[in-house]
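Down below is the structure, laid out as structure tokens.
The values are calculated or read from the model by the stated rules, or taken from the named source; none is laboratory data. Note that the coordinates shown come from a computational prediction; the quantities given were computed from them, not determined experimentally. Cβ coordinates were reconstructed from backbone atoms using ideal geometry, including for glycine residues, and neighbour counts include every protein chain displayed.
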Amino acid sequence: MERCALEYCKRRDFLPFQCTLCHKKFCLEHKDLKDHECPYQFAEGRQCNVLNATKLYNTYQTNQKMRFQSNMYANKQRKRNQNVFNAKSNQMR
């Protein structure tokens, strides 16, 4: 049996609810973010947006890196083919 983490409540509860943001335990009456005035309640949306932006940026960086590597590979193949062509044309002379 635990007590509600809210200073003015401290109600004993057999099944307390844990806040997903501040990780404190509350009674049924104070389980919502606005009810226990969670200090992180307004940061939740921003945190989600920051994570999404980071994922998008990382995906973009990965795509750019893959594109660069495929261009390097294509350039190497082009040079290799050009060298083979030059070698064959020199043999025919």
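Condition check: modelled with pLDDT of 85 or more and touching a His at 6+ places or on another chain (Cβ under 8 Å). Does His23 satisfy that? Quick ask: steps written out before the conclusion?
Values: modelled with pLDDT of 85 or more: yes; touching a His at 6+ places or on another chain (Cβ under 8 Å): no.
No: the conditions fail for His23.
In the stretch 35-92, the residue that is farthest from Leu6 (Cα to Cα) out of those that are basic (Lys, Arg) and modelled with pLDDT under 75 is Lys88.
A search for C-beta distances below 7 Å between a residue of the stretch 1-28 that is more than 26 Å from Phe42 (Cβ to Cβ) and any residue that is surrounded by 14 or more Cβ atoms within 10 Å (Cβ to Cβ) and among the polar types (S, T, N, Q), counting only pairs 6+ apart in sequence or on different chains, returns nothing.
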